Every structure is written in C-alpha cells, then in structure tokens.
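The values are calculated or read from the model by the stated rules, or taken from the named source; none is laboratory data. Quantities reported herein were computed from a predicted structural model and do not represent experimental measurements. Cβ coordinates were reconstructed from backbone atoms using ideal geometry, including for glycine residues, and neighbour counts include every protein chain displayed.
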Amino acid sequence: MSTELTIDRIIPSSRLNEILSPEESVAKLKEETTDFRQKRLKHADQDILNNHDMAVGEAMEPREFIRKLQLASPKLIVEQGGIHNATAVRVRELDRDKDSPSHGKYVKRYLAGFYHDRILPEFSSFVNDKDGIPVREVRGWRTVLLMVIRQNALTYKQAKKVFGDPLGERGILWRKQLREKRA
C-alpha cells in the first residue's frame, strides 16, 4: 500500500512574502544579524568604554609610562613590538613546556603592548562599527598595567606604589577587575 501526498489547495503562509520577495528576506536577515551581534558581541560595560573623554583621565607620554613600568618592576622588558609604532612588554622566564624547542632555557614571554606614537589615555576605550559593536580598542596605560598584573609579572602593590590608584568613575572598572589582586 502506497501513500501519496496530494495538495488540493494552496494554504497562505506568513512566509510567502519572504519567499517571493528577496529584498524583504535580505532586510530581515540583516536585522536578525544586527540583533544577534548586539546581544552577543557588546561588552557588559560598553557604555562606559565608549566614552573617549572619560577614558583620557591622567594621560601619559609613552616614555614616562615605560620609565614608571621599569621602576615598578625592573624585571620587565620593554622593547620594540612586532608592528610599526608598537611597544611590547615582556618578562624573561624559564620555558617549562617539555614539547618546546627552548625547553629549559630562558625566553621572553609577551605580556602586553601599546602604541608609542601617541599620548596614552589612562583607560582604554572602544571604536565601534555602525551597529555599536567594538572593532578596535584605543589602549590606555592602565589596561597595559592590568594585563601585566593579571599575568603575575607585577603585583598590585608594586603598581599602586608607582602609579597610584585611579580617580573618577572610570576607576570603578579598574578596581572591579583587580578585586582579587588587591586582597
């Protein structure tokens, strides 16, 4: 016994216009993609991080920042980065990776980087695309400091002694991110 499917009449569908109108389908897809990106790719503190004026804080000349970094921890290596106008902050450490060709030798490990061709704002901020999604970071010197502290190449106490605590509203994020390191 065979079963055949027959359609006696066409049932109108809410998707019929989408199927018949490619322009509407594309527009709807773009809207769904934008909504998805905004929900998934925006930073939790993006309203604060979008504010470039608030990020300036206590701006610092790159040479002064390098001087203070090395004062905070002489073991930090600050040198030319891998790209034009970039500075890399590294630390020398023993390579413990048994699969590495440099196992048992001292190597330089990358910690953070910044551009040295401009004054560094105190805090980072975002440059966003047309949908408000971050596409680039304008890196601040406290972000570099935070990256170095998080990788245990500098203690919070050492950083505070040389750089002090941040002032103003943007300092809230700094303290929030370093909560466990300050204890």
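Some observations on this one:
- Flag if residue 137 is in contact with a Phe, Trp or Tyr (Cβ under 8 Å, 6 or more places away or on another chain), free of Cβ contacts under 8 Å to residues at least 24 places away in the same chain and not small (Gly, Ala, Ser): yes
- Members of region 63-114 that are among the small types (Gly, Ala, Ser) and surrounded by 12 or more Cβ atoms within 10 Å (Cβ to Cβ): 72, 73, 81, 86, 88, 112, 113
- In region 123-134, residue farthest from the chain's Cα centre (by Cα) [restricted to those that are touching a residue at least 24 places away in the same chain (Cβ under 8 Å), outside any strand (DSSP E or B) and surrounded by fewer than 16 Cβ atoms within 10 Å (Cβ to Cβ)]: 131
- Given (1) part of a helix (DSSP H, G or I); (2) modelled with pLDDT of 95 or more, index of the condition residue 27 fails: (2)
- Which numbered condition residue 131 misses (of (1) within 29 Å of residue 72 (Cβ to Cβ); (2) touching a helix residue (DSSP H, G or I) at 6+ places or on another chain (Cβ under 9 Å)): (1)
- Considering residues of region 135-165 that are touching a strand residue (DSSP E or B) at 6+ places or on another chain (Cβ under 7 Å) and in a helix (DSSP H, G or I) only, the residue surrounded by the most Cβ atoms within 10 Å (Cβ to Cβ): 141
- Residue list for region 83-103, restricted to those being touching a strand residue (DSSP E or B) at 6+ places or on another chain (Cβ under 7 Å) and more than 15 Å from residue 139 (Cβ to Cβ): 90, 91, 92, 93, 94, 95
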